[in-house]
Amino acid sequence: MGAAQLALPFLLVLIAATAGATTVAYNDRAVVIDGQRRIILSGSIHYPRSTPEMWPDLIKKAKEGGLNTIETYVFWNGHEPRRRQYNFEGNYDIVRFFKEIQNAGMYAILRIGPYICGEWNYGGLPAWLRDIPGMQFRLHNDPFEREMETFTTLIVNKMKDAKMFAGQGGPIILAQIENEYGNIMGKLNNNQSASQYIHWCADMANKQKVGVPWIMCQQDDDVPHNVINTCNGFYCHDWFPNRTGIPKIWTENWTGWFKAWDKPDFHRSAEDIAFAVAMFFQKRGSVQNYYMYHGGTNFGRTSGGPYITTSYDYDAPLDEYGNIRQPKYGHLKDLHNVLKSMEKILVHGEYNDTSYGKNITVTNYTYGGSSVCFINNQFDDRDVNVTLGENHLVPAWSVSMLPDCKTVAYNTAKIKTQTSVMVKKANTVEKEPEALKWSWMPENLRPFMTDDRGSFRTTRLLEQIATATDQSDYLWYRTSIEHKGEGGYKLYVNTTGHEIYAFVNGKLVGQNHSANGAFVFQLESPAKLHSGKNYISILSGTVGLKNYGPLFELMPAGIVGGPIKLVGTNGTAIDLTNNSWSYKSGLAGEHRQIHLDKPGYKWRGHNGSIPVNRPFTWYKATFSAPAGEEAVAVDLLGLNKGAAWVNGNSLGRYWPSYTAADMDGCHAACDYRGKFKAEGDGVRCLTGCGEPSQRFYHVPRSFLRAGEPNTLVLFEEAGGDPTRAAFRTVGVGTACVAAAEIGDDVTLSCGGGRAVTRVDVASFGVARGGCGAYEGGCESKAALQAFTDACVGKESCTVKYTAAFTGAGCQSGALTVQATC
């Protein structure tokens, strides 16, 4: 169906009434800003996953990468950790974040949710909601809807007060309510309540009168009439909204995948992402957002899952530290530039799709006497020749874009930007780990080794989240038992908590953690009882709360229901399940805030002698901040499991002792061709199998003090060795680029203040290896000299590929250059 047949009157969402205001409307082809139909190229940057000091640079790089919009969720449990106690400071200063977007001259998409998923703890919902009588999450009931509306109104009013909506002259052009509800609403065992709830959400949002359209992602059925439904996924080109008159919006184009403690690293190729984006705009797309453009870090206890790592790198175009990830960043930037050159014709033009056989489609857009064309090849195993004026070779699983329908300006499978191999370099200010002088302090377990002085008692084994409202990872279950004479038993605990430690009469007798998945496991440990009163203390720990799925909030944690038994050698059992249990949330060191290293704390071992592999131990070391401006990470190899702080700022949980599983995708070549998967059979492009799932932990520069001592504090829960810890800077180690044709400009860049130290390779027909380990080919001495002269000692350089490079018996073709930074 042609564009002329689909043309409908604009739905005007906002009529500007103030100076500097921006009007936002939409039709079936585009979001319309100040009367102009626009292609929106957006990227997700989550403000709590970086620091305010990082925000301007991240946003600047996004804009330089060709984006015009920044998208973010809003993090309810970060802003309201306790009911009616709000946090809008530091990296939760949401208004400051949106002002940075405005200062950069970009648009913004505000995804309030306030359920967000996002691999964020409890999907962003505060655990204290569980305390409210009658509460049912994300169904039609007054307790939940009242709290949701209160928080939504709070955020909207903050944005209004700061004049952040487009009609006020601000950057926000779209707002989202709820999140991916359509994925689960049919699995909640109450279809009527689910339908009432989602329509209530839309009505409540529109009552806020924000003056911009409201969207709902992944809401393909039972869509309220007053919102725009949108798509999430690796591919959205074949998806269309549920009614006419609204634009085709892709709220989450997953640039990689999140990482769990037991998984290797997932990588989605630049070629495949570009293919998905080009296909989306070939098929009438208007708004496309990369999830994530910068993933960042799950500081504190914010990671979800369970078992989501502290790193939320996501293989995004900007890595966890904010560095440019090449070639992904540059290849997408080239795509954005071509899309912008075609914008007016794409959003106005009549279109015609022509099949050139199975899996091959040519689309022509025509407007004002000009045309643009796309040629897609959806075969994943063969290149094809397509005649469009002249013959065009279209590689497998790729899209060619022709802004004049004659010349290919961009093909999604042909990367022209450099590849950067990132390295972690030693701290040059001091020799580490030797320079780190450690002291230590035992966690005070004594108050928890009896069942006295708990917060309350009951004769039931309670669920951990509802009991402790997630104010700590830890909940103590404690009881006592009278025993005649001495006896040997096996302590049996059945738990749904993620990990447990068992103590009998003050002695640690066993520990265990769940495999990632069902989170139901057992602990069986030998236990000796003495005559008289015996104390049993069990510490249950969580490692991020579930964040997705139908009724995810009801997934239990802790030793809910047990049973807990003492099993004798003859098989008889003493059932402790209905004993009188005393409860206490958290650890003594948490309540004392040892991580702040306040004056008066009694640290031991100032001569450098410390115990290692000792559970429940605090460690402290001073260090000098690495020089320069490159990102900083701390290597915690040798530690087991715990939490880390620098100068009182949380780096998040660490668990380098957890080894990533060995998966088939680690052992095959990473072929971009074919649909990318992150789950099930056919997962590919994995790295890190059999290695620590996360060894390095981001230390933002704003956490550090230059020219004076810095403090690293670790809480080692399971027993590890901190003496191997060391700080590293993160930057480009090797830069590689391939030039296809004579006349191409070839650019190399180290970035981060690093300069090229040498040019290692300048060859034609490189046969083997990847960037940093190329082998074979015909070396061009002329090219090697030209790049050496132009690049060594410089942070970036550009050299034109000339015919002079093909001498000495080398045939012209792809020239590969590799440089060390």
Quiz prompt | Filtered residues of the stretch 313-334 (kept if under 15 Å from residue 731 (Cβ atoms), part of a loop (DSSP other than H, G, I, E, B) and out of contact with any Pro (no Cβ under 8 Å at 6 or more places or on another chain)) | solution = 319, 320, 321, 322, 323, 326
Quiz item: Which of the residues spanning the stretch 573-607 are crowded, with 20+ Cβ neighbours inside 10 Å and of a type in the set (A, V, I, L, M)?
Solution: 576, 587, 594
Quiz item: Hey, does the stretch 409-427 have a residue that's surrounded by fewer than 19 Cβ atoms within 10 Å (Cβ to Cβ) and under 21 Å from residue 353 (Cα atoms)?
Solution: yes
Practice problem: Among residues belonging to the stretch 552-572 that are aliphatic (A, V, I, L, M) and surrounded by fewer than 19 Cβ atoms within 10 Å (Cβ to Cβ), point out the one that is farthest from residue 129 (Cα to Cα). | Solution: 567
Exercise. Grab the strands (runs of 3 or more DSSP E) fully contained in the stretch 338-413, keeping just those with 3 or more residues being out of contact with any His (no Cβ under 7 Å at 6 or more places or on another chain), within 27 Å of residue 269 (Cα to Cα) and modelled with pLDDT of 95 or more.
Key: 360-367, 370-377, 390-394, 398-402
Quiz prompt | Candidates 703, 727 - the one that is surrounded by fewer than 21 Cβ atoms within 10 Å (Cβ to Cβ), touching a Leu at 6+ places or on another chain (Cβ under 9 Å) and among the aromatic types (Phe, Trp, Tyr) | solution = 703
Quiz item: residue 446: open to solvent by 20 Å² or more (accessible area, probe 1.4 Å) and either at pLDDT below 95 or within 30 Å of residue 650 (Cβ to Cβ) (or both), yes or no?
Solution: yes
Self-check item: Among (1) open to solvent by 30 Å² or more (accessible area, probe 1.4 Å); (2) in contact with a Gly (Cβ under 9 Å, 6 or more places away or on another chain); (3) at pLDDT 95 or above; (4) not aromatic (Phe, Trp, Tyr) - the single one residue 545 does not satisfy
Solution: (1)
Quiz item: Of the residues 115, 122, which is in a helix (DSSP H, G or I) and either in contact with a Lys or Arg (Cβ under 8 Å, 6 or more places away or on another chain) or closer than 18 Å to residue 48 by Cα (or both)?
Solution: 122
Quiz item: Taking the condition under 25 Å from residue 308 (Cα atoms), touching a strand residue (DSSP E or B) at 6+ places or on another chain (Cβ under 7 Å), modelled with pLDDT of 95 or more and not basic (Lys, Arg), does residue 489 pass?
Solution: no
Exercise. Evaluate the stretch 387-402: report whether one residue or more is open to solvent by 30 Å² or more (accessible area, probe 1.4 Å) and under 35 Å from the mean Cα position of the chain (by Cα).
Key: no
Quiz item: residue 680 fails exactly one of the following numbered conditions: (1) at pLDDT 95 or above; (2) at positive phi; (3) open to solvent by 40 Å² or more (accessible area, probe 1.4 Å). What is the number of that condition?
Solution: (1)
Quiz item: Take the residues of the stretch 773-821 that are of a type in the set (Phe, Trp, Tyr) and either open to solvent by 70 Å² or more (accessible area, probe 1.4 Å) or within 42 Å of the chain's Cα centre (by Cα) (or both): which is modelled with the lowest pLDDT?
Solution: 774
Exercise. Residue by residue through the stretch 431-443, note down the ones that are open to solvent by less than 30 Å² (accessible area, probe 1.4 Å) and assigned to a loop (DSSP other than H, G, I, E, B).
Key: 432, 436, 443
Quiz prompt | Hits in the stretch 219-246 - residues which are closer than 14 Å to residue 289 by Cα and in a loop (DSSP other than H, G, I, E, B) | solution = 234, 235, 236, 237
Quiz item: What pairs can you find where one residue is in the stretch 201-213 and part of a loop (DSSP other than H, G, I, E, B), the other is among the small types (Gly, Ala, Ser), and their Cβ atoms are less than 7 Å apart, with a gap of 6+ or different chains?
Solution: 210/175; 211/166; 211/167; 212/166; 212/175
Quiz item: Taking the stretch 749-807 on its own, how many of its residues are under 30 Å from residue 58 (Cα atoms), small (Gly, Ala, Ser), in contact with a Gly (Cβ under 9 Å, 6 or more places away or on another chain) and assigned to a strand (DSSP E or B)?
Solution: 1
Exercise. Test each condition in (1) surrounded by fewer than 22 Cβ atoms within 10 Å (Cβ to Cβ); (2) aromatic (Phe, Trp, Tyr); (3) farther than 30 Å from residue 258 by Cβ for residue 521 and report the one that comes out false.
Key: (3)
Exercise. Go through 356, 321, 351 for me and flag whichever is among the aromatic types (Phe, Trp, Tyr), farther than 30 Å from residue 631 by Cβ, out of contact with any helix residue (DSSP H, G or I) (no Cβ under 7 Å at 6 or more places or on another chain) and surrounded by 16 or more Cβ atoms within 10 Å (Cβ to Cβ).
Key: 356
Exercise. Could you please tell me which pairs satisfy a Cβ distance under 6 Å, a separation of 6+ or placement on different chains, a first residue in the stretch 569-591 that is over 30 Å from residue 617 (Cα atoms), and a second residue that is part of a strand (DSSP E or B) and open to solvent by 50 Å² or more (accessible area, probe 1.4 Å)?
Key: 573/565; 575/565
Quiz item: Has the stretch 476-497 got any residue that is among the small types (Gly, Ala, Ser), part of a strand (DSSP E or B) and closer than 30 Å to residue 602 by Cα?
Solution: no
Quiz item: If the Cβ limit is 8 Å and pairs must be 6+ apart or interchain, which residue in the stretch 237-259 that is without any contact (Cβ under 8 Å) to a residue 24 or more places away in the chain pairs with which residue that is in a strand (DSSP E or B) and open to solvent by 20 Å² or more (accessible area, probe 1.4 Å)?
Solution: none
Quiz prompt | Which listed residue, of 765, 769, is farther than 18 Å from residue 330 by Cα, open to solvent by 50 Å² or more (accessible area, probe 1.4 Å), touching a Cys at 6+ places or on another chain (Cβ under 7 Å) and modelled with pLDDT under 90 | solution = 765
Practice problem: Only residues that are open to solvent by 10 Å² or more (accessible area, probe 1.4 Å) and on the phi > 0 side of the Ramachandran plot: list them for the stretch 238-297, please. | Solution: 245, 284
Quiz item: Can you pull out the residues in the stretch 30-53 that are buried (at least 24 other Cβ atoms within 10 Å of the Cβ) and either of a type in the set (S, T, N, Q) or part of a loop (DSSP other than H, G, I, E, B) (or both)?
Solution: 30, 42, 44, 46, 50
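The values are calculated or read from the model by the stated rules, or taken from the named source; none is laboratory data. A quick note: this is a predicted structure, and the numbers were derived from the prediction, not measured. Every residue, glycine among them, receives a Cβ derived from its backbone with ideal geometry; neighbour counts consider all protein chains shown. For accessibility, only protein heavy atoms count, side chains too; no ligands or nucleic acids. Shrake-Rupley method; radii C 1.70, N 1.55, O 1.52, S 1.80 Å.
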